[in-house]
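Enquirer: Before I ask anything, here is the structure I am working with.
The values are calculated or read from the model by the stated rules, or taken from the named source; none is laboratory data. Please read these numbers as outputs of a predicted model, since none were measured by experiment. No Cβ is skipped: glycine too gets one built from the backbone with ideal geometry, and neighbour counts run over all protein chains shown. Quick note on the areas: whole protein, heavy atoms, side chains included, nothing else; ligands and nucleic acids left out. Shrake-Rupley method; radii C 1.70, N 1.55, O 1.52, S 1.80 Å.
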Amino acid sequence: MWSHTRSLELLVLVATVAPAELIRVATAFGPAAKAGADRSRVARRGLLGAPAAYLLVTAVALAVAADGGFVPDALTSWRTGALWLSAALVVGAALVGAEFALGALPRLLDGTGRPRLAVHRDGGTVGGGYAGAIVATAVAEELLYRGLWIGVLNEHLHLPVGVAVAVAAVAYAVGHLFFGGLAVAQKALSGAVFGLLMVASGSLAVPLVAHLAQNAVVFVLAVRQEKAARPEHATRPEQAARPERAVRPAGGREVAE
């Protein structure tokens, strides 16, 4: 039996911050990433490892919360209407532009160049596996950061709902630290919007649909980016020789998840 104390609730929240970061670091800098390693195998490990880590950590956290008796109402509130779901689709797609604008701001302010829209991924090709990974990760993140985090902070630890939304957004953003500080700021913005959608609608389904809509747009952009990087789409010899350089973003990255 778990003791019903706030220390357990806080421990669960702390333990669920950035569950995929160790997977990403190990994939990028571990033995598998050394020179001569099979890059496709490394990419597959990152593609599968991050969503697997999120799903596993989320499942364990929810099990502990259920056994400890602190499952928040936010995790069981799914009913909503067509209007909210339509709004979620629009907001989710618009968040891609908002993240890009936030990412482009530093370059626009210092005048170092014109930013280009690009998707920052873990690696590998864009396909069914990538689509499945970002869908699974989005579901786990909404259950974890909007359902569990906001619910526990507000309902059980009695923080004001605005504070709970902000803290959960920061926790969600830290899960993207591997992509850089700018990505953390972008995801903090999206996390706050997702949290506000849940609070305003009273349904976890609304931020989930918004998150899936955002990732759907990112997936389309990733497909286009991959096609543009192929040698047959390059317009100059040096682009054909180095396809990665053709899509390296000058700013305003959008991170899928």
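Enquirer: Quick one: if the Förster radius is 25 Å, what FRET efficiency do residue 159 and residue 56 give, using the C-beta to C-beta distance and rounding to 0.05?
Expert: 0.40
Enquirer: At 0.36 nm per residue, and after removing the present C-alpha to C-alpha distance, how many nm does the segment from residue 11 to residue 223 gain when stretched out fully?
Expert: Extra length from residue 11 to residue 223 when fully extended: 72.4 nm.
Enquirer: So, taking all protein chains as they sit and a 1.4 Å probe, how much accessible area belongs to residue 143, in Å² rounded to tens?
Expert: The accessible area comes out at roughly 40 Å².
Enquirer: Would you mind getting me the FRET efficiency between residue 101 and residue 67? Use the beta-carbon distance for r and R0 = 45 Å, nearest 0.05.
Expert: 0.55
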